[in-house]
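Trainee: Here it is, the structure in full.
The values are calculated or read from the model by the stated rules, or taken from the named source; none is laboratory data. The model shown is predicted, which means the values in this text are computed figures rather than measured ones. Note that each Cβ is placed from the backbone with ideal geometry, even for glycine, and that neighbours are counted across all protein chains shown.
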Amino acid sequence: MFKKIFELLICCLFPPFCCSCQKLGSYLCRSCFELCVFTPFPIRLQLEPLYLTSISAPLELSGPISVLIHAFKYKSIKPIGSVLAKLLFLTADIPVVDLLTAVPLHSRRQQDRGFNQAEEIAIELARLLKLPYRPLLSRFRATSPQAKLKRQDRLEHLKDSFKPNPEATKIPPRILLIDDVTTTGTTLNECAQILRKMGAISVHGLVIAHGG
Ligand SMILES: [Zn+2]
């Protein structure tokens, strides 16, 4: 109750404005939403071996959606997480799963940002889907920003970056793995490998946007 009043107060004092065109009212206005490019088909990955059962992204990483995700991550505007989760809920083809989890962030980077952007989206999406969320993985090595590395370097760089969260002992068979964006799917595939070792039968990757 107190949290709701506090959020309402913050919203009145600092009303949201569109991250792309600065129009007052919401973090993504209707006209900018209409400029977003939807990608209705699942992404085809070139990864070998492939641990993900499927991977999909309802949007292309361009225009207003990339501005919105950038503001979420690099300007640390936390409420954008629930906007993105709602976007996934309304536009993504979500498979039947038992539980949601998120790609973890290294603790040092999480400290800098104040939150893990993938986890913020996953928690809110789980609430909308009425499914449980659990942090099943942790990241034990800081990695450089993926976008700056070549494909092969990226594969090398990510090696052994993820491990099971010590508190996640028994996991259900069908997992939905959430991240904000993907380019090659490498990060999600690495996480899927660990989740399968932990006992998952299927691991579906779901991100907001796909792009290079
Ligand atoms: Zn706008």
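Trainee: Criterion first (among the polar types (S, T, N, Q) and at pLDDT 90 or above) does THR169 satisfy it?
Mentor: no
Trainee: Now for a separate question. Look through region 119-150, keep the residues that are β-branched (Val, Ile, Thr) and modelled with pLDDT of 95 or more, and return whichever of them is farthest from GLY185 (Cα to Cα).
Mentor: ILE123
Every residue, every condition in (1) touching a helix residue (DSSP H, G or I) at 6+ places or on another chain (Cβ under 9 Å); (2) closer than 16 Å to THR182 by Cβ; (3) surrounded by 16 or more Cβ atoms within 10 Å (Cβ to Cβ), yes or no:
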residue: ILE43; (1), (2), (3): no, yes, yes
residue: LEU52; (1), (2), (3): yes, yes, yes
residue: SER56; (1), (2), (3): no, yes, yes
residue: PRO64; (1), (2), (3): yes, no, yes
residue: TYR74; (1), (2), (3): yes, no, no
residue: LYS78; (1), (2), (3): yes, no, no
residue: LEU84; (1), (2), (3): yes, yes, yes
residue: LEU105; (1), (2), (3): yes, yes, yes
residue: ARG108; (1), (2), (3): no, no, no
